[in-house]
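K.L.:
Got a structure for you, questions after.
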Amino acid sequence: MSQETTLVLLKPDAVSKQLVGQVLERFQSAGLKIRGLKMLQFGDALLREHYAHIAEKPFFPEVQNFMQQTPVIALALEGENAIAHVRDLLGPTDSKKADKGTIRGDLGVDVMINVCHASDSTDAAAAELKRFFGEGELFHY
């Protein structure tokens, strides 16, 4: 097992439905430690950078509209095998396929309205943490 830090974005559905506290509680109850937390509004450039893998797809404007409905919350979580642990807690990306008891299974709606984005690898986590947290914004305690 290895100590890792991963990025989670609490999406507009989590913010607008006031699920942020409940989601944070689930992560902390599972032994994950918050290293950074901030609220931000996605601008077009940051959104295109973060979703570069789908930015040219025909459905991207729908993703863009959704992700800019409200601010999002960027969260850096640390723990043993945090990347896999967070993804297990969330369940599959498509909330309709997520088991009850997972965050998406309990709180999500579909593949886009699914409460959170989470890094899917160590490389993605490193890049995404740098994208959303600057120097001095991640804490060890």
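Every number here is computed from the coordinates shown, using simple stated rules; none is lab data. Remember, predicted model here, so these are calculated numbers, not experimental data. For neighbour counting, all protein chains shown are included, and Cβ atoms are generated from backbone atoms with ideal geometry for every residue, glycine included.
K.L.:
Looking only at the range 38-53, filter to residues that are surrounded by fewer than 12 Cβ atoms within 10 Å (Cβ to Cβ) and among the aliphatic types (A, V, I, L, M); which one of those is nearest to Arg104 (Cα to Cα)?
P.N.:
In this case the residue turns out to be Ala52.
K.L.:
For Leu32, state whether it is touching a strand residue (DSSP E or B) at 6+ places or on another chain (Cβ under 6 Å) and free of Cβ contacts under 8 Å to residues at least 60 places away in the same chain.
P.N.:
Answer is yes for this residue.
K.L.:
Moving on to the next point. Return yes when Pro92 is free of Cβ contacts under 8 Å to residues at least 60 places away in the same chain, more than 22 Å from Phe132 (Cβ to Cβ) and either assigned to a strand (DSSP E or B) or in contact with a strand residue (DSSP E or B) (Cβ under 9 Å, 6 or more places away or on another chain) (or both) and no when it is not. Step through it out loud before you land on a result.
P.N.:
Details: free of Cβ contacts under 8 Å to residues at least 60 places away in the same chain: yes; more than 22 Å from Phe132 (Cβ to Cβ): yes; either assigned to a strand (DSSP E or B) or in contact with a strand residue (DSSP E or B) (Cβ under 9 Å, 6 or more places away or on another chain) (or both): yes.
Yes: the conditions hold for Pro92.
K.L.:
Further, regarding this structure: When you look at Glu137, is it part of a loop (DSSP other than H, G, I, E, B) and either within 21 Å of Tyr51 (Cβ to Cβ) or of a type in the set (Asp, Glu) (or both), yes or no?
P.N.:
Yes.
K.L.:
Quick check on this structure: which one of Ala82, Ala14 is of a type in the set (Gly, Ala, Ser), surrounded by 18 or more Cβ atoms within 10 Å (Cβ to Cβ), in contact with a helix residue (DSSP H, G or I) (Cβ under 7 Å, 6 or more places away or on another chain) and more than 14 Å from Glu128 (Cα to Cα)?
P.N.:
Criteria check complete, one pass: Ala14.
K.L.:
Here's another thing I want to ask about it. In this structure, does Lys100 turn out to be without any contact (Cβ under 8 Å) to a residue 40 or more places away in the chain and either out of contact with any helix residue (DSSP H, G or I) (no Cβ under 8 Å at 6 or more places or on another chain) or of a type in the set (A, V, I, L, M) (or both)?
P.N.:
Values: without any contact (Cβ under 8 Å) to a residue 40 or more places away in the chain: yes; either out of contact with any helix residue (DSSP H, G or I) (no Cβ under 8 Å at 6 or more places or on another chain) or of a type in the set (A, V, I, L, M) (or both): no.
Judged against the criteria, Lys100 is not a match.
K.L.:
Looking only at the range 108-139, which residues are touching an Asp or Glu at 6+ places or on another chain (Cβ under 8 Å) and either among the aromatic types (Phe, Trp, Tyr) or in contact (Cβ under 8 Å) with a residue 40 or more places away in the chain (or both)?
P.N.:
Gly108, Val109, Met112, Ile113, Asn114, Val115, Ser119, Thr122, Ala125, Arg131
K.L.:
Let me ask another. Any idea how many residues of the range 19-72 are more than 26 Å from His140 (Cβ to Cβ) and among the basic types (Lys, Arg)?
P.N.:
2
K.L.:
Check whether at least one residue in the range 30-37 is surrounded by 13 or more Cβ atoms within 10 Å (Cβ to Cβ) and under 12 Å from the mean Cα position of the chain (by Cα), and report yes or no. Even if it seems obvious, please write down each step before you answer.
P.N.:
In the first step, residues of the range 30-37 are kept if they are surrounded by 13 or more Cβ atoms within 10 Å (Cβ to Cβ); the result is 30, 32-37.
Of the ones still in play, those that are also under 12 Å from the mean Cα position of the chain (by Cα) are 37.
Yes, the conditions are met somewhere in the range 30-37.
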